[in-house]
Structure formats: C-alpha cells, structure tokens
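Below is one structure; the comments refer to it alone.
None of the figures in this text is laboratory data; all of them are computed from the coordinates on show. Remember, it's a predicted structure, so these values are computed and weren't measured experimentally. Every residue, glycine among them, receives a Cβ derived from its backbone with ideal geometry; neighbour counts consider all protein chains shown.
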C-alpha cells in the first residue's frame with residue numbers, strides 16, 4: 001500500500017510542476033517586428049539596392065541529433081542604388097543576416113526567430129543596417145566593422 005502512496009505523491013508533484021512551468025515556457029514570445037521609426041532609429045545606415053548574390057554556410061548549435069539549432073549564416077551582396085542614411089562610398093555592400101531551423105528532438109525552446117523577408121537574388125530591397133552598434137539583437141557581436149541587418153525585419157522588399 002505504501003508504494004502506491006509514493007507513486008501518487010510523485011504523480012501529483014509532476015502534475016503540479018507541469019502546470020506551474022509549462023505556461024512560463026510557452027509565454028516567451030518571438031520578437032515583434034520593429035516599426036519604420038524604430039528601424040530608422042536603430043539603423044546606422046539605410047540603403048536601397050538590388051541583391052546580386054547570396055553566400056551562406058550552415059553551422060550547428062548544441063549536441064548533434066539531440067538538441068540545437070542549425071543556423072544558416074548568410075551574406076547578401078547588394079548593388080547600392082540609393083543611400084538614405086549614413087555614408088557608404090562603395091557601390092557594393094555586403095550585409096549579414098541569418099535563418100535557423102530546430103534540429104533537435106522534441107519541440108524547440110522559446111526565443112528568437114529567423115529574419116523576416118529573406119532576400120532573393122535579383123530583387124530590390126531596402127536594408128536597415130547597423131555598423132559597430134546595436135542591431136536589434138546584440139551589441140557585443142557587432143563591433144567588427146561589418147554591416148548587420150537590423151533584427152528582425154530590417155529587410156524590406158521594394159514593390160515595383
């Protein structure tokens with residue numbers, strides 16, 4: 001009889017813990033897209049241009065086959081048509097962004113998502129860029145002189 005009481009107590013404990021922590025786990029939402037004003041204030045440079053090429057490589061986070069995301073790190077080569085903010089003397093700019101997919105077992109943990117509006121070759125976009133400053137996601141990883149696309153929606157398609 002005593003073993004049944006232990007199992008019953010364990011069942012109640014697991015049920016209580018699940019009810020307490022499950023809503024907190026799922027309440028962590030993805031980052032909301034920034035407004036045009038927010039994008040403009042975060043960006044150090046705003047350029048309009050046509051994507052000439054996209055280069056990418058994949059890397060894995062976590063323990064393979066068990067946990068982790070697969071990141072697709074990308075660089076778009078953009079032929080500049082117009083500079084709306086900042087100074088860029090070159091006619092080409094290379095902009096960095098990424099996408100990711102959950103490759104682990106079970107459901108992915110809550111948190112950040114891929115960039116919206118992933119650019120395609122031969123399409124025109126407005127890019128909100130951050131150079132050596134906060135890019136909407138991180139400040140410490142953007143101190144190398146490169147142009148990071150402002151996270152999460154710093155790539156806006158140009159409708160013609």
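Modelled spin labels at residue 58 and residue 120, positioned 7 Å past Cα toward Cβ, are 2.1 nm from each other. Considering only alpha-carbon pairs that sit under 8 angstrom and 6 or more positions apart, the relative contact order computed for region 43-157 is 30 percent.
Quickly rank 99-105, 129-135 as a protection proxy: mean count of other C-beta atoms within 10 Å, highest first. Could you put the intermediate results ahead of the total?
On the way: 99-105: 14.7, 129-135: 19.3.
Going from most to least packed, we get 129-135, 99-105.
FRET efficiency for residue 73 and residue 41, Cβ-Cβ distance as r, R0 = 25 Å, nearest 0.05? FRET efficiency, residue 73 to residue 41: 0.45. Peptides 147-154, 51-58 ranked from most to least packed give 147-154, 51-58, packing being the mean of other C-beta atoms within 10 angstrom over each peptide's residues.
I need to check one value: relative contact order of region 67-119, counting alpha carbon pairs closer than 8 Å and at least 6 residues apart, in percent.
Once normalised by length, the contact order is 43 percent.
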